[in-house]
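Scroll down for the structure; my scribbles are underneath it.
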Amino acid sequence: MKTPLLFIALAFALAFTSCKTTRQATTPKGPTNIIVGDNSQTSLDWAGDYTGTLPCADCEGILTTITLNKDLTYKRATTYLGKTVTPFIETGKFTWEKGGSSIALTNTAASSPNRYLVHENKLVQLDMEGKVFTGKLADLYLLHKAAPATSNKALTDKKWKLVEMNGKPVKNNSTNGKDYFITLQAEGNKINGFAGCNNFFGTYELTQGNRISFSKMASTMMACPDMTTEQELFMILETVDNYTLGTTTLQLSKARMAPMATFELLPEQ
């Protein structure tokens, strides 16, 4: 009787060892939820400015610009056309959602959509439930990426004569008959000019959408009987944020308000 019992015990031990070996061989090691393959987050150059006019239920459209930064911060500016001229600004962090194809903005108004699909050179605004808009207006929920503009050949390296400020003609009181003017140099993004008394200079920056900004102006230190025009122009240059360029005219404005300064192109000498 001892031999059969020994045989059974040995057979049971071999079966248990085989089962344990099989379980160990099929147990995966390491994490199992790794996402493999390209997605918008990893394969696209998504950082930059995205602009478009989105549908609006009770206005002409919502002019929207979203800036996405590589440090996962954003800035969103929205202007309700026909109702306001001052954009509503939101800033904060954004997060990539699961799968790396869409983002969610934080610190936004509760009633405002905050999720966007990220495609090559465009954002697609999603609805409040995070779904893609459908129907006839679906193609209007797009923001297109624009490369920053650093120069404009029709604007730079030309002499622009100051002819109007805040809706009033500029009277030239210069004793030497010198034109009041500005010149925007493409190299180094420098501005220089003259407005009745001192020669002045500073820097400027151009970005997409005809946006422009100026530094504070520095100038020579001459004292003149009337420096009103010069001082007013300095204030305008430090206030404006966009420009309109015609064939021979240049207008500087703040938001969508009336032009604050108008210039005419002087012929090259």
* Filtered residues of the stretch 101-118 (kept if in contact with a helix residue (DSSP H, G or I) (Cβ under 8 Å, 6 or more places away or on another chain) and either loosely packed, with under 15 Cβ neighbours inside 10 Å or among the polar types (S, T, N, Q) (or both)) -> Ser101, Ser102
* Structure fact -> How many residues of the stretch 117-131 are assigned to a loop (DSSP other than H, G, I, E, B) and within 21 Å of the chain's Cα centre (by Cα)? The answer is 2
* Asked: Does Thr134 count as of a type in the set (Ser, Thr, Tyr), more than 19 Å from the chain's Cα centre (by Cα) and modelled with pLDDT under 95?
  -> yes
* Inside the stretch 43-64, can you point out the residues that are of a type in the set (S, T, N, Q), in a strand (DSSP E or B) and open to solvent by 20 Å² or more (accessible area, probe 1.4 Å)? -> Thr51, Thr53
* For the stretch 132-149, enumerate the residues that are touching a residue at least 40 places away in the same chain (Cβ under 8 Å), open to solvent by 60 Å² or more (accessible area, probe 1.4 Å) and part of a strand (DSSP E or B). => His144
* Select from the stretch 218-248 the residues that are buried (at least 16 other Cβ atoms within 10 Å of the Cβ) and among the polar types (S, T, N, Q) and write down the one among them that is nearest to the chain's Cα centre (by Cα). => Asn242
* **Selection status of Phe94, among the hydrophobic types (A, V, I, L, M, F, W, C) and open to solvent by less than 90 Å² (accessible area, probe 1.4 Å)** => yes
* **Scan of the stretch 150-170 for residues that are among the basic types (Lys, Arg), open to solvent by 70 Å² or more (accessible area, probe 1.4 Å) and not in a strand (DSSP E or B), ordered by number** => Lys153
* Considering only residues of the stretch 171-199 that are at pLDDT below 95 and under 18 Å from Leu252 (Cα atoms), which is least open to solvent (accessible area, probe 1.4 Å)? -> Ala195
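The values are calculated or read from the model by the stated rules, or taken from the named source; none is laboratory data. This one's a predicted model, so the numbers in the text were calculated from it and none came from an experiment. Methodologically, a virtual Cβ is constructed for each residue, glycine included, from the backbone with ideal geometry; neighbour enumeration extends over all protein chains shown. Ligands, DNA and RNA are excluded from the accessible area calculation, which covers all protein heavy atoms including side chains. Shrake-Rupley method; radii C 1.70, N 1.55, O 1.52, S 1.80 Å.
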